[in-house]
Structures are given as C-alpha cells and as structure tokens.
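The values are calculated or read from the model by the stated rules, or taken from the named source; none is laboratory data. What you are looking at is a predicted structure, and each value in this text was computed from that prediction instead of being measured. In this analysis, Cβ positions are derived from the backbone assuming ideal geometry, glycine residues included, and neighbour counts consider all displayed protein chains. Side chains included, ligands, DNA and RNA excluded: accessible areas come from the protein's heavy atoms. Shrake-Rupley method; radii C 1.70, N 1.55, O 1.52, S 1.80 Å.
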Amino acid sequence: MEALVYRGPGALAVEERPTPVPGPGEALVRVEACGICGTDLRIASGAHRAYPDGTVRVPGHEIAGVVEAAGARARVSEGDRVFVAPNVGCGRCDQCRAGRVNLCRTPQALGITRDGALATHVLAGADVVEQGNLLPLPNGADPAAVAVAEPLACVLRGQRPCRIAEGDDVLIVGAGPVGLLHLLAARTRAPHSIVVTEPSPDRRRQAAERGADRAVAPEELDGTFDVVIVAAPSGQAQVVALERAAPGGRVNFFAGLPRDRSRVEVDTNLIHYKELLVTGTTACTIEDCREALDLVLSGAVDTGALVTERRPLSDALGAFEAARSGEQLKVVIEP
Ligand SMILES: [Zn+2]
Ligand SMILES: [Zn+2]
C-alpha cells in the first residue's frame, strides 16, 4: 500500500508500506476519500500534541471507503461501503460508558493516535469495528461528500447545546470550511436569521452564496444574537461572542485556540447578567457521525458542494499546500 507518512515537522512523504493483514475482528478498508482539515495542517507543522518528537504516523481522520478484507468474526464483510468514525474510546471509562468516546480518559483516534487514512488502505482495529465506528453507506454515495460528514459531526456536536430554534437569530464567527458547515447545519433548523462575520471578502461571498442572511466584516457587525458560534481560532472572536450574545443566549466556543494564546480576558459579568450558556465542544462521537451521515445522505446538508479540490494520494503534498493556502474550502484526497 501507499501512505502519506509523517516523520517530523514539515517532513511528510508518500511511501510504500506493507499492507496490513486484518486479524480476528479487524477490517482492512480501501480508502476512497479522506478529507484534509486544520488538524492535519497542525499535525504536518509538528504543532499537534498527539504527534510528539519521534512520531512516525499516517494522518487522515475524515474517511470513506470499502472493506477490502475482514478478519475472522469481524462484524463487517468484504465489499461493505463504509464511513469510518475516527474517535475510539477505551469502552470502559466513565466518559465512554456515557457515549462520549471523544472525551475518553485514554482517547484514541485514527489519524491522530493511530495510523489514519491518508493512504490507499487503513486498518480498523477490532475495537474500532466492535464499537461500531464503521457506518454502512449506500451504493452511489459520493465518498468525498461522505468524508466531510466527519467535520459535520463535530459541528452538530457544537450546535446541540445551542438548541437553535425557529425564532432565533444566529451569529457564526468565521467562514472557513468549518464556519460554512455550521451555516449549512444551522439552516436545517430554520432559524429566523443567520449572520456570518468574517474578515475575508471572498469567504463572505461564499457564506452569502450558501444562504447566510448577511455576511459582514467584523467592523460592520451590529445587533445581538440568541446563538453565537465561534468557528475561528481567535480569542478576540470569543470576546465578541459574549458581547453579541442576547440575554439568555447560547454560545459555543467551537474552535480551539493555539496553545500559547488560549488565555483570554473576558468580562464574566456578560455571562452572569445575561444568563448566558457558554459551551465548548471538541471532536465527535459515533452518534454525532451517524447523525451527520444521515444529513449528508438525505441531501439535507450538501457537503459535496464544499469539496473544491480533489487530488490523488500521489499529490498529497500539493493537497496540503492547497489546504494551507486558504483559497480552497474542503480539500479531499481520493487515493
Ligand atoms: Zn478534521
Ligand atoms: Zn474511555
């Protein structure tokens, strides 16, 4: 098999590797599509905490493919088309038992702590298969659109505590690929209005084309909002979110901040006197993925429309370059 292998900051290359042979309970998935996101860019630069010095690993956690071989007693069969939910819990800790594999005390994830799918093949371990991370797909689903169900699952997890309802005015801060996914997901809840704020004129245009009622530059932002979602890794955006939240508002800090800039001075009286519900969410569970996949397969959220670049695995480095440029929405590798 071929795989994009990380060997240190900035040191990634497509290499020939032995194809894993699935043991009992395991499945070998032939990758049809794997998305590249900000997490992968952070991994490539050496800034991801799950990739400390000396790590040699294959990234890639937004995965659609076909089961090429199944080990004895595996709960999937050769030829099954699958979406692979990347987060794997230990299955035993309090968080896993509550269904929050993303918060497992010893978290594991394909492409993060284990070899992922920026490769022609990815091995789903027995725990992955057993836990139900391989979700079945119908024939004819576009693998690239399906792969983007993974970030959509994270977005749904972020929106759940925001309880977006009919009369709500919603503000989304940031119109990168994730901000746009928030916009598409919020639209399925039919709120009163959705405003997107974003410094880049090109990204504002993208948001307007995808159904934002208004897409404004940060300095043009006015009014208050029942729901504010911060989809930009910016402390200033978090400050703005608390200021722009209406009384009784729900705020989600969806984007994490760079480790060295995660201390932000906020006026906590805004939370107190407006009775704000301020939430944070990270990654996604298998249940979130199942929900996201339903939205993608039913056409309720057109993730395929966000895929602006498809590249073969041989051009994985070019794909990373394209993703880093900020000119593309979702870049997807089709090995
Ligand atoms: Zn991702
Ligand atoms: Zn656990």
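General observations
- Boolean, Cys104 is at pLDDT 95 or above and within 16 Å of ligand 2 (Cβ to nearest atom): yes
- Within the set Val29, Val66, the sole residue that is away from ligand 1 (no atom under 16 Å from the Cβ) and under 29 Å from Arg324 (Cβ atoms) turns out to be Val29.
- Breaking point among (1) touching a residue at least 24 places away in the same chain (Cβ under 8 Å); (2) open to solvent by 30 Å² or more (accessible area, probe 1.4 Å), for Gly132: (2)
- Gly60 part of a loop (DSSP other than H, G, I, E, B) and open to solvent by less than 20 Å² (accessible area, probe 1.4 Å): yes
- For the stretch 166-185, a residue qualifies if it is without any contact (Cβ under 8 Å) to a residue 40 or more places away in the chain and of a type in the set (A, V, I, L, M), and exactly one does: Leu183.
- Of the residues making up the stretch 98-105, one or more are open to solvent by 40 Å² or more (accessible area, probe 1.4 Å) and free of Cβ contacts under 8 Å to residues at least 40 places away in the same chain.
Yes/no per residue for (1) in contact with a helix residue (DSSP H, G or I) (Cβ under 6 Å, 6 or more places away or on another chain); (2) open to solvent by 10 Å² or more (accessible area, probe 1.4 Å):
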{"position": "Glu32", "(1), (2)": "yes, yes"}
{"position": "Asp40", "(1), (2)": "no, no"}
{"position": "Ala50", "(1), (2)": "no, yes"}
{"position": "Asp80", "(1), (2)": "no, yes"}
{"position": "Ile112", "(1), (2)": "no, yes"}
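- Qualifying residue in the stretch 116-127 (condition: assigned to a strand (DSSP E or B), surrounded by 19 or more Cβ atoms within 10 Å (Cβ to Cβ) and of a type in the set (Gly, Ala, Ser)): yes
- Among the residues listed as Leu4, Leu41, the single one being within 16 Å of ligand 1 (Cβ to nearest atom), within 23 Å of Ser325 (Cα to Cα), in contact with a Lys or Arg (Cβ under 8 Å, 6 or more places away or on another chain) and not in a loop (DSSP other than H, G, I, E, B): Leu41
- Any chance Thr308 is open to solvent by 50 Å² or more (accessible area, probe 1.4 Å) and touching a residue at least 40 places away in the same chain (Cβ under 8 Å): no
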